[in-house]
1. Below 8 Å between Cα atoms, with a sequence gap of 6+, how large is the relative contact order for segment 363-455 in percent?
2. Would you work out the charge dipole size for segment 46-341 about its Cα centre, treating the Cβ of every Lys and Arg as +1 and the Cβ of every Asp and Glu as -1, and quote it to the nearest 20 debye?
3. Going by average Cβ density within 10 Å per residue, which order do the peptides 385-397, 267-279 take, highest to lowest?
4. Stretch T452-N144 to full length: gain in nm at 0.36 nm per residue minus the Cα-Cα span?
5. What's the magnitude of the charge dipole for segment 126-274 around its Cα centre, counting Lys and Arg as +1 and Asp and Glu as -1 at the beta-carbon? Answer in Debye, nearest 20.
6. Please figure out what share of the DSSP beta bridges in the chain is antiparallel and state it in percent, rounded to the nearest 5.
7. At T418 and Q97, where each label point lies 7 Å from the Cα along Cα→Cβ, what is the point-to-point distance in nanometres?
8. Lys/Arg Cβ at +1, Asp/Glu Cβ at -1, dipole of the chain taken about the Cα centre: which of G116, L184, Q261 is farthest positive-ward?
Amino acid sequence: MNLSSNTGDSPRIRPRTVLLSLAAGAALLAPIALIAPAANAAATTLGAAAAQSGRYFGAAVAANRLSDSQYATILNREFNSVVAENEMKWDATEPQQGVFNFTNGDRIVNHASSRGMSVRGHALLWHAQQPGWAQNMSGSALRNAAINHVTRVASYYRGKIHSWDVVNEAFADGGSGGRRDSNLQRTGNDWIEAAFRAARAADPGAKLCYNDYNTDGINAKSTGIYNMVRDFKARGVPIDCVGFQSHLGTTLASDYQANLQRFADLGIDVQITELDVEQGGNQASIYERVTRACLAVTRCTGITVWGVRDSDSWRSDNPLLFDRSGNKKAAYNSVLNALNSVSGPTPTNPPPTTTPPPTGGACTASVSLNSWNGGFVATVRVVAGSSAIRGWTVRITLPSGSAVTGTWNAQASGGTGTVAFSNVSYNGQVSAGGNTEFGFQGTGVGPSGTPTCTAS
């Protein structure tokens, strides 16, 4: 995000001018709780409504607000994904070189995982909110320190993060479509590529995203990012998604959806990562249009709003879905209605392909793949039936010549042919209708058949 929380309780919080996306050149692994409503019934919360189409609906969270009962109640009820506002940024996680502090990040991750929410990681590298020691470095020393930071943080949270904002806001505003000048950029134009490669090695199961603002429509900045992603895909640089912050004013780019779609057509996911909209006569309409644009793009896998209540926002124009007293606003209803208007899974982020049976103790599983020439990473979602389960085993058949080379959040029996993956100590118990995820990396071609799940 281009700004931090507005609480004023941290020395790293530095307000700056709001850059509202008014569309230049155009008039914008961790578990996910997929608790779907009964057939033909509208979901009553944002997370449940999004889950009907295999998506998440998340919120940015500040660790110190989790003790606020109203805040926590809304968060736990409405959202099935979270992202840390500041607690996973460089200055927070590595305040001294080589000395790491994950206390507040862990608080958010633990809160989410205990409630079946997924976690977005934000952000591994950014020109802002760097610790003082990094600000004073340059050249190869800074490059080595930055890559070490990516490796250490992504490794620490391996298996717990759904999507990482590996690099944040590296492109300049204005009409050039070029990179922002920063100490990181001055280490060499390949620094973004190096960061993504380090993140993939550290956590092969996480989706790796580039994240930026003022990219809501097809403009010079978004096109510069588009060209970078196209180049990365052509050269095999690991990138899985692009985040569109979508800090909006009173207008929305007429080509917002078309912009999302052109990125998706490159073979990556797109995510709305920091959505907030200036309060006014158009707020509910803009929220609805953004939501429907995501729903219309198959590879738009989720939406995150930057905060819970208006009082929690970094902006002063009441841009969120709940007012300062925690009440639902008209914008909330417009989003919920839009999410309820679409059902059916997206191919890239599917819930189970079979309906859980009415009896208890059953489970189903589905696989999503990130493949490249000679290898793949598989993310497997295990979903409980109508009753809670205490353990599970998923059997997946690999094509001839393929082999498992690494597994996380599960124990694998065998490495070729039909491989049995069983729960580990912390993810065997899954509530009725809830789910958990595990992953594995392999050589060759990824599995294409439907996995089988056995519950205990």
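The values are calculated or read from the model by the stated rules, or taken from the named source; none is laboratory data. In this text, all values refer to a predicted model and were calculated from it rather than measured experimentally. Glycine gets a Cβ as well: all are built from the backbone with ideal geometry, and neighbour counts include every protein chain shown. Ligands, DNA and RNA are excluded from the accessible area calculation, which covers all protein heavy atoms including side chains. Shrake-Rupley method; radii C 1.70, N 1.55, O 1.52, S 1.80 Å.
1. Computed over segment 363-455, the figure is 43 percent.
2. With Lys and Arg at +1 and Asp and Glu at -1, about 620 debye.
3. The densest-packed peptide leads the list: 267-279, 385-397.
4. In short, 106.5 nm is gained.
5. 520
6. Percentage antiparallel, nearest 5: 50.
7. Rounded to a tenth, the inter-label distance reads 5.5 nm.
8. The residue sitting farthest along the positive end of the dipole is G116.
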